[in-house]
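The values are calculated or read from the model by the stated rules, or taken from the named source; none is laboratory data. This structure is a prediction, so every number in the text was calculated from the model and none was measured. Backbone-built Cβ (ideal geometry, glycine too); neighbour counts: all protein chains shown. Heads up: the accessible areas ignore ligands, DNA and RNA and are worked out on the full protein's heavy atoms, side chains in. Shrake-Rupley method; radii C 1.70, N 1.55, O 1.52, S 1.80 Å.
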Amino acid sequence: MKRLGWLCRAVTVAGLCVAAWAAGGRGDDLPQAESLPEGASLVRLEAFPDRVDLAHPYAYRQILLSAVLADGQRVDATRMARWEVPSFVTLSATGLVRPVSDGSGELVAELAGQRLSIPVAASGTGQPYAVSFVRDVMPAMSKLGCNAGTCHGAASGKNGFKLSLRGYDPLFDHLALTDDQAGRRFNRAAPDQSLMLLKPSGGVPHVGGVLMRRGEPYYELLRAWIAGGVKLDLDVPRVASIELLPQNPTLALPGSRQQFVVLAHYQDGSVRDVTAEAFLESSQTEKLVVDRHGLATAVRRGEAAILARYEGAYAATPVIIMGDRSGFWDDWQEPEVWSPIDELVAQKWKRMRIVPSGLCTDEEFIRRASLDLTGLPPTAEDVRAFCADSRPTREKRDELIDRLVASEAFTDYWTNKWSDLLQVNSKYLGPEGAKRFHA
């Protein structure tokens, strides 16, 4: 454990040890100072997980500290709180807990007069750890980018060395690492002299640059695997699914941040925190961006989705960025609901804090319904008849929808629309096939 020097670049503030290295990542994109919204009243602090158990030298857990405010908002307070950290673990600037030695105690978070204690225990830090090629080495290499399409995962590899794209084939990758070039990428007698470590750590020239340094978690993990005999373990339980937390978060303003946690569920029922090795992406980078630590930052008001990927498994969640919605509740009135779809729409309005416009006029409704359902504007006669109809609004509008759906124009419009979407083309299906598909 003396080699596990991931305390480099650590800073101590009021007795708090914060390590700048998080899971082998660089410390150049760590978050800036954050605080609760102006005028917010903190009700309580909540933490996930509510207990941290670290069972081996390379174990970690991502802490997610949430501040529950008086108005019901939940704010990510992981980086806002003042932390008291026991000496046998480290806490990164993004809330990643790693062991240094065996021990038990508490992580204590303090914010705006509120305190929350999280029991933490570390064990097995001085014991040999059997590094798994499939569960440990492959995810680490993926996170470092070794098997990315721009590196050795390219179709022809790079500089004579090829890995499977994103690590989909562990057997191929193991053979490439251990047997290719007469096994010259490893030195079991002197692991630190292995090309697998020397190149990404900058010991010898590497086109991909310096990806890790001696003493960092990934370096020590790969070194332990080499020293243990570069074993292959294809029979280990694989990832069955991953879980992305929190689900459906809301960020109050542009500039707000939210830390995400990724948990891997394995075929044997075990669960593992894989936040540091998972890949998170935003569907709308002009609204929301996410960094290598799983920390998302709001750019502007709107909605985006966060997609998490780990070892071929995927999970996603929508994220809403509110913007300044002061005065919303003064203007909000429960809208009239005609169907379950209206209920869902109203829930979304409330969540997005959008005051809906009023009910459209009969002229607007018949135009919109006709264009949506048939692709054609209504005739002048239909508009006059619909507007002159004295029946209740809901009754006559329901009848109009039923009549349009039963029309030939609806059938023609949606047949052509689906034919376009499904690419019904006689060039590929043949004339008879296209005709039947269209029918």
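Tabulated values for the structure
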read-out	value
Extension gain from K427 to R351, taking 0.36 nm per residue of separation minus the Cα-Cα distance	22.6 nm
Over the chain: Rg over Rh, Cα atoms, Kirkwood Rh	1.10
For the chain, built as a Gaussian network whose Cα springs stay under 10 Å, the top-fluctuating residue of S156, S104, S123	S156
Ellipsoid semi-axes in whole angstrom, largest first, where each is sqrt(5λ) of the Cα gyration tensor of the stretch 128-266	29, 18, 16
Gaussian network model of the chain, Cα within-10 Å springs - most flexible of S326, S283, S426	S426
Estimated FRET transfer efficiency (D331, E34; beta-carbon r; R0 25 Å; 0.05)	0.25
Rounded to 5, the percent of DSSP beta bridges in the chain classed as antiparallel	90
For q = 0.10, 0.12, 0.14, 0.15 Å⁻¹, Debye-computed log10 I/I(0) when each Cα of the stretch 267-383 counts as one equal scatterer	-0.56, -0.73, -0.86, -0.90
Accessible surface, the chain, averaged per residue in Å² (probe 1.4 Å)	52
Cross-link reach list, lysines versus K143, counting only Cα pairs under 17 Å and skipping chain neighbours closer than eight places	K162, K199
Cα-based convex hull volume of the stretch 188-299 per residue, rounded to whole Å³	146
In sequence order, calculated HN-Hα J values of the stretch 67-83 (Karplus, 6.51, -1.76, 1.60; Hz; x Gly/Pro)	9, 9, 9, 4, 8, x, 5, 10, 10, 5, 10, 4, 9, 8, 6, 8, 9
Amide H partners (placed H, <5 Å) of V52, local residues excluded	V120, A121
Between the stretch 193-227 and the stretch 350-396, the alpha-carbon center distance in angstrom	66
Label zone at R44, where the point sits 7 Å out along the Cα-to-Cβ direction: the stretch 56-80 residues whose backbone N lies under 19 Å	64-78
Given charges at Cβ of Lys, Arg, Asp, Glu: the chain dipole, positive-most of G323, G202, M212	G202
Computed label-point distance, nm, for sites S407 and D179 using a 7 Å Cα→Cβ extension	6.8
Percentage relative contact order, the stretch 127-241, counting C-alpha pairs under 8 Å, at least six apart	27
The stretch 313-358, Rg to Rh (Cα coordinates; Rh as Kirkwood inverse mean 1/r)	1.08
Distance histogram in 10 Å bins (all Cα pairs of the stretch 361-439, percent per bin)	17, 39, 21, 15, 7, 0
Degrees separating the helix 362-374 axis from the principal Cα axis of the chain, which is the longest one	60
Convex hull (Cα only) mean projected area of the stretch 84-127, reported in nm² to one decimal	3.1
Additional length obtainable on full extension of the chain from D235 to S104, 0.36 nm per residue less Cα span	43.8 nm
J(HN,Hα) series, the stretch 424-439, from Karplus relation 6.51 cos²θ - 1.76 cosθ + 1.60, nearest Hz, glycine and proline x	6, 9, 5, 4, 9, 9, x, x, 5, x, 5, 5, 5, 4, 5, 5
